[in-house]
Amino acid sequence: MSKLLRIGVLASGGGTNLQAIIDRCMDGTLAAEIAVVITNNPGAGALDRAGKAGIETLCINHRNFSQREDFDNSVVKALQDADVDLVVLAGFMRIITQTFIDAFPERVINIHPALLPAFPGLHVQPQAIDYGARFSGCTVHFVDGGVDTGPIIMQAVVPVLPDDSADTLAARILEQEHKTYPRAIQLIAEGRVRVDGRQVIIEPACPPALTSLVNPSIDG
Ligand code: GAR
């Protein structure tokens, strides 16, 4: 059996993306092992999920650091100690510094609950509704020095429905997050992903999506 990709997952919240990654590692569709789960939030549900799966956890509370760099250095050291190949941000609600990115060049990925470059930043599901967007979705991307600006690996699209609340839209997006994030990590584990400027090249290529979507439907 070839070596499993060692990943470090950073999460601040409930950890449903972490759970999806754990589940895919367990059922063998993701050839990775989670070396460590790190949170900045002592109350993160992600800690329980990792604990139940027998994964090493670490809480590094950002409130104990006066400088962002010091917090990042501490997280970077923990990830290096765990000897991770890839850093996976899964609902990690801290902006990471260039020092962090330099420690893991093209080895930090994030999932964002919108179709970037639309709606970067926080609380984006209500923004998509307020804007009147007809579609939203999720984006898996490499992390660069900006906020949600790095090269895009994979996106999934969902419709925004007339009676959506932020919660119903977030749930519809989350369902896609749970499918796309493990799949994107698997492509990296297979060594099929490289970055060329803004383009992410996948070789051998995955079949492209060939369906166009119109919302509301033109058939009615
Ligand atoms: C997910 O929707 C993720 O895309 C988002 O936080 C949620 C975490 O859910 N991430 C961001 O907004 C990053 N800026 P989870 O804890 O259940 O995985």
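Annotations
- Scan of the range 29-49 for residues that are out of contact with any Cys (no Cβ under 6 Å at 6 or more places or on another chain) and either touching a residue at least 40 places away in the same chain (Cβ under 8 Å) or part of a loop (DSSP other than H, G, I, E, B) (or both), ordered by number: T29, L30, A31, A35, V36, I38, N40, N41, G43, A44, A46
- Taken together, the residues in the range 186-219 that are on the phi < 0 side of the Ramachandran plot, of a type outside the set (D, E) and assigned to a loop (DSSP other than H, G, I, E, B) amount to 17.
- The one condition in (1) within 20 Å of S12 (Cβ to Cβ); (2) surrounded by 15 or more Cβ atoms within 10 Å (Cβ to Cβ); (3) within 15 Å of the ligand (Cβ to nearest atom) that G146 fails to fulfil: (2)
- Checklist (1) modelled with pLDDT of 95 or more; (2) under 27 Å from V87 (Cβ atoms); (3) over 12 Å from the mean Cα position of the chain (by Cα) applied to A166, failing item: (2)
- Residues (touching a Lys or Arg at 6+ places or on another chain (Cβ under 9 Å) and either of a type outside the set (A, V, I, L, M, F, W, C) or more than 16 Å from the ligand (Cβ to nearest atom) (or both)) located in the range 37-52: N40
- Of the strands (runs of 3 or more DSSP E) contained entirely in the range 62-146, those carrying at least 3 residues that are over 19 Å from E33 (Cα atoms), free of Cβ contacts under 8 Å to residues at least 40 places away in the same chain and under 20 Å from the mean Cα position of the chain (by Cα) fall at 135-142.
- Every test in (1) within 18 Å of the chain's Cα centre (by Cα); (2) more than 20 Å from H141 (Cβ to Cβ); (3) assigned to a strand (DSSP E or B) is passed by I7 save one, and that test is (2).
- Restricting attention to the range 129-143, the residues that are among the β-branched types (V, I, T) and away from the ligand (no atom under 14 Å from the Cβ) total 1.
- Taken over the range 156-173, the criterion of being out of contact with any helix residue (DSSP H, G or I) (no Cβ under 6 Å at 6 or more places or on another chain) and either within 12 Å of the ligand (Cβ to nearest atom) or among the small types (G, A, S) (or both) is satisfied by S165, D167, A171, R172, I173.
- Of the residues in the range 10-27, not one is of a type in the set (S, T, N, Q), more than 9 Å from the ligand (Cβ to nearest atom) and modelled with pLDDT of 95 or more.
- Residue, surrounded by the most Cβ atoms within 10 Å (Cβ to Cβ), within the range 161-185, restricted to residues that are part of a helix (DSSP H, G or I) and of a type in the set (S, T, Y): Y181
- Condition met for I38 (surrounded by 14 or more Cβ atoms within 10 Å (Cβ to Cβ) and either under 15 Å from L18 (Cα atoms) or within 17 Å of the chain's Cα centre (by Cα) (or both)): yes
The values are calculated or read from the model by the stated rules, or taken from the named source; none is laboratory data. Model, not experiment: these values are computed from the prediction. Using ideal geometry, Cβ is built from the backbone for each residue, glycine included, and neighbour counts are taken over all protein chains shown.
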